[in-house]
Amino acid sequence: QVQLVESGGGLVQAGGSLRLSCAAAGSIFSINLMGWYRQYAGKQRELVAHITAVGSTNYADNVKDRFSISRDNAKKTLYLQMNSLKPEDTAVYYCYSKSPRGHEYWGQGTQVIVSS
């Protein structure tokens, strides 16, 4: 079982930055695939970025030049550095974890609002 708790969301002006954090507990964090997803109102969740256990990353095309995903295995924490934020980045952001055996876990979500 994995518990994921996001933090760092909030209100920011367009062009600004935020850093999201996801604290994990209850499993071997270092071997899990970790990621960030976001969900617009009335829409399905979509991938923002993934990071593998060995640090390989994958980004959605609309964030790859602005967002950076990283992980600190010692602290069992996942990060998402978001720069040059746009109003269209406004969404609820979810932390995601997938174990090598395929068990998937989600955090409760953190709201990001980017004002124009």
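No value in this document is a laboratory result; all are computed from the given coordinates. On a predicted model such as this, the values are computed, not experimentally measured, just so you know. Every residue, glycine as well, gets a Cβ built from its backbone with ideal geometry; the counts of neighbours run over all protein chains shown.
Applying a DSSP loop filter and a limit of 14 other Cβ atoms within 10 Å to the trypsin sites (Lys or Arg not before Pro) in the range 13-116 leaves 43, 64, 75, 101. For the chain, DSSP calls about 90 percent of its internal beta bridges antiparallel.
Distance between the modelled labels on residue 81 and residue 44, one decimal in nanometres: 3.2 nm (7 Å Cα→Cβ projection).
Only the Cβ atoms of Lys and Arg (+1) and of Asp and Glu (-1) were treated as charged; on that basis the dipole of the chain about its Cα centre amounts to roughly 200 debye.
Listed peptides 27-35, 47-55 appear in the order 27-35, 47-55 once ranked by packing, highest mean of other Cβ atoms within 10 Å at the front. Specify the residue with the greatest mean-square fluctuation among 37, 59, 105, computed from a Gaussian network of the chain linking alpha-carbon atoms under 10 Å apart. Among 37, 59, 105, the largest mean-square fluctuation in the Gaussian network model of the chain belongs to 105.
In this simple spin-label model, placing a label point 7 Å from the Cα along the Cα-to-Cβ direction at both residue 14 and residue 58 gives a separation of 3.1 nm. With the charge dipole of the chain set up from +1 on Lys and Arg Cβ and -1 on Asp and Glu Cβ about the Cα centre, the Cα lying farthest toward the positive end among the listed residues 25, 42, 4 is that of 25.
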